[in-house]
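First up is the structure itself, then whatever we jot down about it.
The values are calculated or read from the model by the stated rules, or taken from the named source; none is laboratory data. The model shown is predicted, which means the values in this text are computed figures rather than measured ones. Note that each Cβ is placed from the backbone with ideal geometry, even for glycine, and that neighbours are counted across all protein chains shown.
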Amino acid sequence: MPHKEPLDIFLPVRWIVSAMLIIVVAITLLQIIMRYAFDSPLIWSEELVRLIVVWITFIGASAVCYDGRHLNVEVFFKAAPPRLRVAMRVFNAVVSLAFLAVLGWHSITLLKIEMMQDMSALPLKIGHIRLAATIGCILMAIGILARMLYRRPGLRRSGSLTVENDAM
């Protein structure tokens, strides 16, 4: 029976982040060309690149959470017995979800305030930068929960928890 690749439910997020990174590189190169070849810099490029990089950070972090690569000290994890690994994984998820809940809640408060302030070069509100944190917190929580609950081929189950042999 051929080995079936597990479904990566965060693949669309990975593609979006990749496209955003390509846009950042393109805008940066365009800014260099406009500034040095035509002596006409793009006044909006730095602000847009900053906005996109913040979005890349928070949205990309959700895929990292799904992969289980956040808050990971592999030396201790790999040395631990399997039952302790499960307990460490659950503890890690609970602490991460609590942190994301606090961060997400406070980012909503700040988002409301920052939606009243305009960006200097773009016709957007400063809150559009903060929105990345709010949406990112939601996606990271989904990534952590999906990692804990989604049964991926090739992984064994311990109770209701997906257990991998070598990664947290």
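Structure values in brief
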quantity: Helices (runs of 4 or more DSSP H) contained entirely in segment 26-143, each with at least 1 residues that are free of Cβ contacts under 8 Å to residues at least 60 places away in the same chain and exposed (fewer than 13 other Cβ atoms within 10 Å of the Cβ); calculated: 74-79, 82-114
quantity: Residues (modelled with pLDDT under 90, in contact with a Pro (Cβ under 7 Å, 6 or more places away or on another chain) and charged (D, E, K, R)) located in segment 1-46; calculated: 4
quantity: Qualifying residue in segment 62-69 (condition: more than 26 Å from residue 142 (Cα to Cα), small (Gly, Ala, Ser) and within 25 Å of the chain's Cα centre (by Cα)); calculated: no
quantity: So residue 23, is it under 22 Å from the mean Cα position of the chain (by Cα) and either small (Gly, Ala, Ser) or under 26 Å from residue 144 (Cβ atoms) (or both); calculated: no
quantity: Segment 100-119, residues that are closer than 26 Å to residue 144 by Cβ and of a type in the set (A, V, I, L, M, F, W, C); calculated: 100, 101, 102, 103, 105, 108, 110, 111
quantity: Which listed residue is touching a helix residue (DSSP H, G or I) at 6+ places or on another chain (Cβ under 8 Å) and over 28 Å from residue 28 (Cβ atoms), from 63, 87, 101; calculated: 101
